[in-house]
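The values are calculated or read from the model by the stated rules, or taken from the named source; none is laboratory data. Since we're looking at a predicted model, the values are computed, not measured. Please note: Cβ atoms are built from the backbone with ideal geometry, for glycine as well, and neighbour counts cover all protein chains shown.
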Amino acid sequence: MAFEALTQKLNDIFKKLKGKGKLTEADVKQAMREVKLALLEADVNFKVVKDLIQKISERAVGQEVMESLTPGQQVIKIVNDELVQLMGSKEAKLNFSSGGITVIMLVGLQGSGKTTTAGKLGRLLSKSGKKPLLTAADIYRPAAIKQLQVVGEKLDLPVFTMGQQDPVNIARASVEYAHKHNNDVIIIDTAGRLHIDEELMDELSRIKQAVNPSEILLVVDSMTGQDAVNVAEEFNKRLALTGLILTKLDGDTRGGAALSVKAVTGCPIKFVGMGEKLENLEPFYPERMASRILGMGDVLTLIEKATQSFDLKKAQELEQKLKTQSFDLNDFLEQLSQVKKIGSLDQILSMIPGFSPQKLQGLELDEKELVHVEAIINSMTPEERKNPSIINGSRRKRIAAGSGTSIQDVNRLLKQYEQTRKMIKQMTDMEKGRKKGKHRF
Ligand code: GDP
């Protein structure tokens, strides 16, 4: 899971701080030394770490902490603020051409995830009402064109190809094609190399000149850590990037690239890839990312995902049920099938504050289990579904027999229901707190 190692370390450091009623300067210094080490181990750029620690330390030994009733929490707040600042403060949105067609050029090394990301970005844009065209301009990598076509087919998006011709011509022709076919955004999947070389940079510069893109986005693999940052610096020097897309953040337990790349290159991260599936691309919000890194969850992204996947009416009904504490097993069943649409359970739970991966045990659920769950719930009486607390030993036995499962299965389901109820309650409490403007610290 993203940032797992860093989050764990920071949490340990903060736990010690929070345990102290009053903080001395020496306590803060010691904690800062540990934070510094944790960041370096996460492969954050050395200079970035140095600057960051200096900023945090200055504030942490100041009045706002020392005179606070909860100094430990104040320090965490400062770390949070500075991490947000480091990653760019605000969401960096895509630039669209004011009239005419918006051209987005995706550049990057081979294997960074360009072709996949072209599809993912096309999907997001199409969901927001745009009419994207995917252009296959990677003429060197065997099967790159075919790969983009497959992606386009899956997403029902048009793909422009011209075989192995000069990529500059392909890019230009795709703009004409888009004009004729009413596409308002073009995403150009350019060629990559294993390493940066002159020929590649030259080709990309020529494409840039030919189609005047609104966005030149570098796709980089976050798992390569500081290499990703170096690659970004090089590409930025040659092409003046407008932003970055960090891929494979789902597998990046360290997070060094995500934390350093903006500070080093000045280019904002615009999106992050969170998995191989075409729906696994998220806009990058520094604030939410800092929250995730500090193990405070990312309730906003979760709620956003939930509202995208959920039927609004059902979501409102659910909210009502939660308010009145009448979330029953019928709703639970409904919920399980909805939740599966948002993402894998461990991804979802990592966004919830206070849920460490260890707590996931007992909550894993695969498709087969979902069928069992359905059978179990269907074997209950309407009254049992409405009020699961009445399900005693003999009822459990009857339900197991009726659904062709075991008593353990029934017990597990009831436990999962209870945990989900708590989890949703926690989410709504957080959201309510946020709306009231309460700070999370
Ligand atoms: P390209 O050579 O830059 O076009 O790279 P591809 O799009 O072919 O991607 C290379 C590999 O990375 C493929 O196996 C993708 O499925 C995988 N990939 C791309 N983005 C992500 C991501 O965000 N997370 C994970 N886990 N895998 C990704």
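Which of the residues belonging to the stretch 147-157 are closer than 19 Å to ALA178 by Cβ and either within 11 Å of the ligand (Cβ to nearest atom) or not assigned by TED's automatic domain parsing to the domain that holds ILE188 (or both)?
Hits for the stretch 147-157 are LEU148, VAL151.
Select from the stretch 172-200 the residues that are within 16 Å of the ligand (Cβ to nearest atom) and buried (at least 20 other Cβ atoms within 10 Å of the Cβ) and write down the one among them that is nearest to ASN95 (Cα to Cα).
Restricting to residues being within 16 Å of the ligand (Cβ to nearest atom) and buried (at least 20 other Cβ atoms within 10 Å of the Cβ), the top hit is ILE187.
Would you check which residues across the stretch 57-67 are more than 18 Å from ASP12 (Cβ to Cβ) and surrounded by 15 or more Cβ atoms within 10 Å (Cβ to Cβ) and list them?
Within the stretch 57-67, SER57, ARG59, VAL61, VAL65, MET66 meet the criteria.
One line per residue, one yes/no per condition, for (1) assigned to a loop (DSSP other than H, G, I, E, B); (2) touching a strand residue (DSSP E or B) at 6+ places or on another chain (Cβ under 9 Å); (3) assigned by TED's automatic domain parsing to the domain that holds ILE216; (4) within 16 Å of the ligand (Cβ to nearest atom):
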{"site": "ARG123", "(1), (2), (3), (4)": "no, yes, yes, yes"}
{"site": "SER126", "(1), (2), (3), (4)": "no, yes, yes, no"}
{"site": "ILE139", "(1), (2), (3), (4)": "yes, no, yes, yes"}
{"site": "ILE145", "(1), (2), (3), (4)": "no, yes, yes, yes"}
{"site": "ILE170", "(1), (2), (3), (4)": "no, yes, yes, yes"}
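Looking only at the stretch 247-269, filter to residues that are in a helix (DSSP H, G or I), within 16 Å of the ligand (Cβ to nearest atom) and of a type outside the set (Asp, Glu); which one of those is surrounded by the fewest Cβ atoms within 10 Å (Cβ to Cβ)?
GLY251
Pairs needed: first member in the stretch 269-285, in the same structural domain as LEU106 (by TED's automatic domain parsing) and of a type in the set (Lys, Arg); second member anywhere, outside any strand (DSSP E or B) and buried (at least 22 other Cβ atoms within 10 Å of the Cβ); C-beta distance under 9 Å; at least 6 residues apart or different chains.
Close Cβ pairs satisfying both conditions: LYS270/PHE284; LYS277/LYS120.
Hey, can you tell me all the residues within the stretch 65-97 that are in the same structural domain as ASP27 (by TED's automatic domain parsing) and more than 28 Å from ALA257 (Cα to Cα)?
VAL65, MET66, GLU67, SER68, LEU69, THR70, PRO71
Considering each residue of the stretch 84-114, count those that are away from the ligand (no atom under 16 Å from the Cβ), closer than 30 Å to ASN182 by Cα and over 18 Å from the mean Cα position of the chain (by Cα), and give that number.
9
Residue by residue through the stretch 412-423, note down the ones that are of a type outside the set (A, V, I, L, M, F, W, C) and over 15 Å from LEU370 (Cα atoms).
Passing the criteria: GLU418, GLN419, ARG421, LYS422.
Can you tell me which condition GLN110 does not meet? The list is (1) in contact with a Ser or Thr (Cβ under 8 Å, 6 or more places away or on another chain); (2) in the same structural domain as THR247 (by TED's automatic domain parsing), and all the others hold.
Among (1) in contact with a Ser or Thr (Cβ under 8 Å, 6 or more places away or on another chain); (2) in the same structural domain as THR247 (by TED's automatic domain parsing), GLN110 violates only (1).
For VAL220, state whether it is in the same structural domain as ILE187 (by TED's automatic domain parsing) and part of a helix (DSSP H, G or I). Walk me through it before giving the result.
On the way: in the same structural domain as ILE187 (by TED's automatic domain parsing): yes; part of a helix (DSSP H, G or I): no.
Taking the combined requirement at face value, the residue does not satisfy it.
Looking at (1) assigned to a loop (DSSP other than H, G, I, E, B); (2) in the same structural domain as VAL220 (by TED's automatic domain parsing), can you tell me which one GLY295 breaks?
With respect to (1) assigned to a loop (DSSP other than H, G, I, E, B); (2) in the same structural domain as VAL220 (by TED's automatic domain parsing), GLY295 is out only on (2).
Is there a residue being hydrophobic (A, V, I, L, M, F, W, C), free of Cβ contacts under 8 Å to residues at least 40 places away in the same chain and buried (at least 24 other Cβ atoms within 10 Å of the Cβ) anywhere in the stretch 206-219? Lay out the reasoning, then the answer.
To start, the set of residues in the stretch 206-219 that are hydrophobic (A, V, I, L, M, F, W, C) comprises 207, 210-211, 216-219.
Still in the running and free of Cβ contacts under 8 Å to residues at least 40 places away in the same chain: none.
The answer is no; no qualifying residue exists.
Test VAL35 against the criterion of being among the β-branched types (Val, Ile, Thr) and in a helix (DSSP H, G or I), and give yes or no.
On the way: among the β-branched types (Val, Ile, Thr): yes; in a helix (DSSP H, G or I): yes.
Taking the combined requirement at face value, the residue satisfies it.
Have a look at ILE216, ILE170 and point out the one that is closer than 19 Å to THR117 by Cα and at pLDDT 95 or above.
Details: ILE170 fails: closer than 19 Å to THR117 by Cα.
Just one listed residue meets the conditions, ILE216.
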